Every structure is written in structure tokens, then in C-alpha cells.
Amino acid sequence: MRREREEIITNKIDWVTVMIYGVMVFWGWLNIYSATYDEHQSIFDFSINSGRQLMFIVTSIFLILAILIIDMRFYEAFAYIIYGLIMFLLLLVPFIGKEVGGNRAWLGFGSFGVQPSEFAKFATALALAKFMGTIGFRLDNNIRNQAASFAFIGGPIILILMQKDYGTAMVFLVFLLVFYREGMSPFLLLVGLGVSVIFILTLLVENNWYLFGAIGAAWALVIFMNRRKKIKRMAVITIGAAVLVVTIMSVEFIFANLLEPHHQRRVMVLLNPDLDQLGAGYHVYQSKVAIGSGGVIGKGFLKGTQTKLKFVPEQYTDFIFCTIGEEYGWLGSLIMVGLFMSLLFRVVFLAERQKNRFARVYGYSVACIFFFHFATNIAMTIGLFPVIGIPLPFFSYGGSSLWAFTALLFILLKLDAHRMHVLQRL
């Protein structure tokens with residue numbers, strides 16, 4: 001048994017993905033050092049962020065070894081228990097958690113703190129994979145299974161919203177893509193996309209009657225084109241149009257009463273980039289200046305003037321992409337994007353070649369979570385999305401995020417290494 005485990009770790013692990021992971025973590029560490037550079041301090045100084053990140057990286061290596069050594073059946077057998085434990089920790093946060101950056105999202109133990117919402121991502125992925133991996137599971141035309149699946153992602157969303165961490169709560173909506181992969185109708189995805197577009201248009205358009213008219217005309221056209229179809233389809237189309245109309249009518253209430261003042265300002269800055277460049281728009285404005293100043297090949301490692309002079313607040317966390325853009329330029333940014341795209345394609349490839357649904361659902365969950373973080377973080381730094389505190393995987397500073405992303409990826413690699421053993425048992 002021991003020899004078999006060693007063979008799986010050394011020969012059957014997907015080393016291409018491991019190498020991509022290693023390059024990203026190492027480059028991220030260098031960028032964290034650059035973002036907080038002080039010529040009088042070493043990169044290995046544990047009193048600064050780069051030194052602490054190094055400790056997080058070392059502990060991640062032990063985490064990886066533990067994941068690979070543990071029997072692969074553990075992750076499926078204890079999926080619900082892991083999910084329940086993380087939900088319990090999320091429930092404790094609003095009461096005993098400590099506030100960091102305006103959000104009460106951390107559980108502190110002396111000087112050490114963890115963010116349970118980061119670990120809720122892989123816990124939810126495991127729980128959903130176990131639920132959807134049951135024999136005879138169907139998501140299409142099964143209201144009970146659909147309701148249970150939505151409950152799995154609704155639980156962490158509600159608990160994280162209680163922490164006022166809207167950005168992290170949004171991450172769990174990406175599981176809808178996994179539902180679609182497993183047979184859910186695309187109706188909800190289309191309605192969700194429509195609601196997002198209508199929400200933004202309502203803020204931009206002064207007269208809402210233009211939007212009502214456009215929705216009415218689109219509804220009439222679609223109904224006419226589907227007039228010979230089943231009444232059920234026409235009812236679904238009508239419900240979708242009604243949801244968009246209700247969205248328009250509720251935007252003002254949501255914006256004024258449900259969003260915090262700083263969230264309102266961030267949305268308005270997104271819609272008007274020149275608004276309040278010394279206040280709510282300061283982060284994004286300085287971020288774009290830093291990225292643009294890098295040119296084609298960048299200014300060089302530790303030579304970014306915007307970075308050295310600390311123009312971008314919290315640059316070592318959510319705005320770490322600014323360091324890459326300024327010091328490595330367009331070329332370095334392209335390489336970083338290429339690394340992420342390679343990782344995403346690799347994860348999807350691993351998910352598709354799994355021999356059971358549990359591993360496949362988990363793999364697609366990993367891909368969707370990484371994609372959301374990657375796309376949203378870069379969109380934030382270049383002003384295409386509101387600033388919502390989404391870290392860039394393996395690049396942004398933070399122990400909780402690094403450990404959680406590492407666990408997400410290497411649990412998949414563990415499952416993939418055993419896929420042939422799963423086939424033999426089946």
C-alpha cells in the first residue's frame with residue numbers, strides 16, 4: 001500500500017499542473033516583495049509581508065503532502081462533515097470575528113487569523129460533488145435536486161453576506177456554471193446575465209420607460225417566434241421578462257438600502273471613471289496609471305516608481321496585478337494571463353477525463369472558482385468591475401487564500417491520480 005501511494009504521488013500526479021502552480025506561487029511571492037519593497041529589509045524577513053508569505057508557502061507544501069498522502073476516499077466520505085464544519089465557523093464569524101478592512105470576516109487566534117469564507121469554497125465544491133455524484137442523480141426536471149443544489153451554495157452566501165463581504169459571496173454564484181454542465185437548463189444563467197445587464201443599464205439610463213419598452217418588444221418578438229411551441233416554454237419566457245421588469249423597479253431600493261455607502265461609491269466610479277479620483281475612485285485610477293506606465297516590457301523588477309512610492313493602496317493583496325503591469329509591462333501581463341489560461345484549460349481537461357461524477361463535478365467547481373477570481377481581479381484593477389476585494393489566486397498576499405486555493409487544486413490532482421483505480425472498482 002505504501003509503495004502504491006508513493007507511485008501515485010511520483011508518477012501519476014499531473015506534474016504539468018504542479019509546475020504551473022509552482023511558477024505562479026513563486027512569481028507571486030516576488031511581486032509581494034516588490035509591492036512592499038524596502039531596501040533595508042530582506043525578502044526573507046518574517047516581519048514583512050514577503051517573509052510571512054514565504055511561511056504561508058512553506059506551510060502550503062506540508063498541506064499538499066497531507067492531501068496527497070490521505071486516502072482519496074476521505075474527500076468524498078467526509079465531504080458533508082467538512083462542509084458542516086466550515087458553515088459552523090462562518091456562523092461564528094459575525095459574533096466573535098475580528099474586523100479587517102471594513103469586513104468582519106476573520107477568526108483571530110492571537111496574532112494569527114484565518115478567513116473561513118476562503119475555505120468555504122472548496123468545502124462547498126466537495127459537498128456539491130458528493131451530492132451530485134450519488135447514483136441516479138439528475139438535475140434537469142428534478143425540482144428536489146435543484147432546490148438542494150441551490151441550498152448548498154445559498155448557505156455560505158447568506159452567512160458571508162452577514163459579514164458584509166459581498167465580493168466573496170459573489171464567488172459562489174459561479175457554481176451555476178457547474179449546474180449547467182451537469183444538466184441544468186440555461187434559463188437561469190440567461191436570466192442572471194440579463195438581470196446584471198439591466199441593473200447597470202437602469203443606473204445609466206435616466207428614463208426607465210425606455211428599458212420597459214425594450215423588454216416588452218423583445219418579449220413580444222420571442223413569443224411570436226415561439227408561438228407554435230409548448231405553452232410551458234412561453235410561460236418560462238414570460239417569467240424571465242417579468243424578472244427583468246421587477247429588477248428595473250427594484251434597482252433604486254437595492255442601491256439605496258442594501259448596498260453600503262462605500263459599495264455605492266464604487267459602483268458609481270465604475271459607471272463614471274472620472275468621478276472622485278481622490279476618493280472612491282483613487283484605487284482604480286492609480287491602478288490604471290501604474291499598469292499603463294509599464295509600457296511593453298515594463299520598468300524591471302523592483303523598479304516600478306508607482307509601486308515604490310505606494311500610490312496604490314493594498315497593492316500586495318487585491319491590486320497585485322498593478323505590480324506585474326508596471327514592472328513587467330504588457331509582455332509580463334500577457335505571460336501571467338497565459339499562465340492562468342493554461343491552468344484553467346488544464347483543470348478542465350482533468351475534470352473531463354475523470355471516471356466518476358464526484359471527481360468531475362469537483363473539477364469543474366475548481367475551474368469555475370479560479371476563473372471567477374482571475375477574471376474579476378484583473379477587471380477590478382483596470383476599471384471594468386467594481387472593487388469588491390477579490391484576490392488573485394497564488395499571487396495576492398494572504399495565508400487563508402493561498403491555503404484554500406492550494407487545497408482546491410491539489411484535491412483535484414489527488415482524485416485525478418486515482419482515476420484508474422476508481423474505474424477498476426466500478
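The values are calculated or read from the model by the stated rules, or taken from the named source; none is laboratory data. Since the structure is predicted, the reported quantities are computational estimates derived from the model, not experimental observations. Neighbour counts run over all protein chains shown; Cβ positions are idealised from the backbone, glycine included. With ligands, DNA and RNA removed, areas are computed over all heavy atoms of the protein, side chains included. Shrake-Rupley method; radii C 1.70, N 1.55, O 1.52, S 1.80 Å.
Under the condition of being in a loop (DSSP other than H, G, I, E, B), open to solvent by less than 30 Å² (accessible area, probe 1.4 Å) and either touching a residue at least 60 places away in the same chain (Cβ under 8 Å) or in contact with a strand residue (DSSP E or B) (Cβ under 9 Å, 6 or more places away or on another chain) (or both), the residues counted in region 134-163 number 2.
Looking only at residues in region 385-400 that are small (Gly, Ala, Ser) and assigned to a loop (DSSP other than H, G, I, E, B), the one that is most open to solvent (accessible area, probe 1.4 Å) is Gly389. Looking only at residues in region 15-36 that are over 29 Å from Phe311 (Cα atoms) and of a type outside the set (A, V, I, L, M), the one that is most open to solvent (accessible area, probe 1.4 Å) is Trp15.
Of the residues making up region 319-326, at least one is at negative phi, of a type in the set (Ser, Thr, Tyr), crowded, with 21+ Cβ neighbours inside 10 Å and at pLDDT 90 or above. Scanning region 315-327 for residues that are within 21 Å of Phe385 (Cβ to Cβ) and either assigned to a helix (DSSP H, G or I) or over 19 Å from the mean Cα position of the chain (by Cα) (or both) yields a total of 7. Just for region 328-383: of the residues that are among the charged types (D, E, K, R) and assigned to a helix (DSSP H, G or I), which one is least open to solvent (accessible area, probe 1.4 Å)? Result: Arg360. Restricting to region 198-221, give me the number of residues that are surrounded by 12 or more Cβ atoms within 10 Å (Cβ to Cβ), in a helix (DSSP H, G or I) and under 34 Å from the mean Cα position of the chain (by Cα). Residues flagged as surrounded by 12 or more Cβ atoms within 10 Å (Cβ to Cβ), in a helix (DSSP H, G or I) and under 34 Å from the mean Cα position of the chain (by Cα) within region 198-221 amount to 12. Cβ-Cβ distances below 8 Å connect the following pairs, each with a first residue in region 45-60 that is among the basic types (Lys, Arg), a second residue that is part of a helix (DSSP H, G or I), and a separation of six or more residues or different chains: Arg52/Gly399.
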